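Note sheet for the following structure.
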Amino acid sequence: MPQYDFRRYHIRSINAASDADRTAINQELKDLYEALPDADKTDFNQQLQAFLAKEMGRIKSDYESMKPSPN
């Protein structure tokens, strides 16, 4: 089962110079998905969901660490 480097797309999207660049990066990811055999699409989706959940957890943790403490 192939491993997909979603972090690479994520970092490129964060650093995109414009919305058009970000849209092109998202299209690359969609094109990759569409080119996959149907048997690999489920695995792709599972890996993407795991990546997104991990990133959301990291963002939440970063946010929580920056919030002022209630006094």
Exercise for the section: Can you confirm whether the range 56-63 contains a residue that is surrounded by fewer than 11 Cβ atoms within 10 Å (Cβ to Cβ) and part of a loop (DSSP other than H, G, I, E, B)? Expected result: no
Practice task
Looking only at the range 1-8, decide whether some residue is open to solvent by 90 Å² or more (accessible area, probe 1.4 Å), in contact with an Asp or Glu (Cβ under 6 Å, 6 or more places away or on another chain), at pLDDT below 95 and among the hydrophobic types (A, V, I, L, M, F, W, C).
Solution key: yes
Exercise for the section: Give the residue, chosen from ARG12, ARG22, that is open to solvent by less than 90 Å² (accessible area, probe 1.4 Å) and touching a residue at least 12 places away in the same chain (Cβ under 8 Å). Expected result: ARG12
Practice task
May I ask you to list the residues in the range 30-55 that are within 18 Å of ARG7 (Cα to Cα) and either of a type in the set (Asp, Glu) or assigned to a loop (DSSP other than H, G, I, E, B) (or both)?
Solution key: ASP31, ASP43, GLU55
Fill in the blank from the handout: Going through (1) exposed (fewer than 10 other Cβ atoms within 10 Å of the Cβ); (2) more than 13 Å from the chain's Cα centre (by Cα) one by one, LEU36 fails only at (1)
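Based on what the data block shows, is SER69 polar (S, T, N, Q) and not in a loop (DSSP other than H, G, I, E, B)?
Criteria not met by SER69.
The values are calculated or read from the model by the stated rules, or taken from the named source; none is laboratory data. Being a predicted model, the structure only gives us computed values, none of them experimental. Every residue, glycine as well, gets a Cβ built from its backbone with ideal geometry; the counts of neighbours run over all protein chains shown. We work out accessible area using only protein heavy atoms, side chains counted, and drop any ligands, DNA or RNA first. Shrake-Rupley method; radii C 1.70, N 1.55, O 1.52, S 1.80 Å.
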